[in-house]
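The values are calculated or read from the model by the stated rules, or taken from the named source; none is laboratory data. Note that the coordinates shown come from a computational prediction; the quantities given were computed from them, not determined experimentally. Here the Cβ positions follow ideal geometry from the backbone for every residue, glycine too, while neighbour counts run over all protein chains shown.
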Amino acid sequence: MNVLPLFSLDGRVALVTGASRGLGFAMAEGLAEAGATVVLNGRDAITLAAAAQRLTTRGLAADIEAFDVTDERRARDGVDAVASRHGRLDILIANAGTHHARPLAEWKMEDWRRVMQANLDACFVLAQQAAAHMLRGGAGRIVFTSSLTALLGRPTIHAYAASKAGLSALARSLAAELGPQGITVNSIAPGYFETEMSANLRKDAAFVERMTNRIPLRRWGQPRDLAGVAVFLASEAGAYVNGQQLVVDGGLGTAL
């Protein structure tokens, strides 16, 4: 596939977590189409292998590394294994996460901690471990999947919103520290997308219609809508973008 030099990822190695499906797979696919060797991460090796095959059958370079991002030791070992096997690690897309929705009175602290561990703590661990390899190479790209809910509140998803807002702040802090060493750190904040995570939400036809009517583009996002954003932030095209949160929501956050 021909790619403009500014967006080319030829020779780069990218680890994408939560990449067996949905937004993670779409971003991994975009990176692979731009020339990167993508390593898909998830908890289930069989599911990952099937996802990787969807790429390799198209002639794209894909590998897998199965681990649970909430297992700190396994996550660190997984990052190291990718860098060792491929000789480098240039790009980390920390996308894996979880969700929990309950009225405030029904929340338990174990629910709060579970969401924060998957959505925020794990991303810190992955970024710390990946940065060690990137620093040796003198360059790198780290991208977190945040959420529009980091900016706009929604009832019942308190830990999710807090964790995603934390990711955006973490990106800014890491960007300030790692920028002088050639590593950029940014976050992508998707709005409402048609994914498995939003499946239950989309069962509410009235809610879907209400949100669709509020989105200026009059549709929910498709996972593929994030592919170009990920390539931009990972490539030379985004070399001077650092510490930013890019909102990808069809204009929802700008509409009254």
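One table, with the values for the structure above:
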| item | result |
| --- | --- |
| Members of the stretch 131-155 found to be among the basic types (Lys, Arg) and over 30 Å from Arg214 (Cα atoms), listed by number | Arg136, Arg141 |
| In the stretch 10-22, the residues that are surrounded by fewer than 24 Cβ atoms within 10 Å (Cβ to Cβ) and within 20 Å of Pro190 (Cβ to Cβ) | Arg21, Gly22 |
| The listed residue being surrounded by fewer than 24 Cβ atoms within 10 Å (Cβ to Cβ) and within 22 Å of Gly97 (Cβ to Cβ), out of Phe7, Phe67 | Phe67 |
| Residue satisfying all of: in the stretch 153-173; assigned to a helix (DSSP H, G or I) and over 16 Å from the mean Cα position of the chain (by Cα); farthest from Pro103 (Cα to Cα) among these | Ser173 |
| Residue among Val231, Val241 that is within 14 Å of Ile188 (Cβ to Cβ) and either out of contact with any Gly (no Cβ under 9 Å at 6 or more places or on another chain) or not in a helix (DSSP H, G or I) (or both) | Val241 |
| Residue under evaluation Asn200, criteria (1) touching a Ser or Thr at 6+ places or on another chain (Cβ under 8 Å); (2) at negative phi, criterion not met | (1) |
| Unique match (being crowded, with 19+ Cβ neighbours inside 10 Å, under 23 Å from Gly251 (Cα atoms) and not charged (D, E, K, R)) among Ala206, Ala171, Ala175 | Ala171 |
| Options Gly24, Gly18: the member that is in contact with a strand residue (DSSP E or B) (Cβ under 9 Å, 6 or more places away or on another chain), small (Gly, Ala, Ser), touching a residue at least 40 places away in the same chain (Cβ under 8 Å) and on the phi > 0 side of the Ramachandran plot | Gly18 |
| Segments classed as strands (runs of 3 or more DSSP E), wholly inside the stretch 23-120, with at least 2 members that are farther than 22 Å from Ile188 by Cα and of a type outside the set (Val, Ile, Thr) | 62-66 |
| Sole exception among (1) crowded, with 21+ Cβ neighbours inside 10 Å; (2) at pLDDT below 95; (3) within 29 Å of Leu89 (Cβ to Cβ) for Tyr192, by number | (3) |
| Yes/no for Glu177 being farther than 18 Å from Gly238 by Cβ, among the charged types (D, E, K, R), at pLDDT below 95 and in a helix (DSSP H, G or I) | no |
| The one condition in (1) assigned to a helix (DSSP H, G or I); (2) closer than 18 Å to Ala28 by Cα; (3) in contact with a Leu (Cβ under 6 Å, 6 or more places away or on another chain) that Phe144 fails to fulfil | (1) |
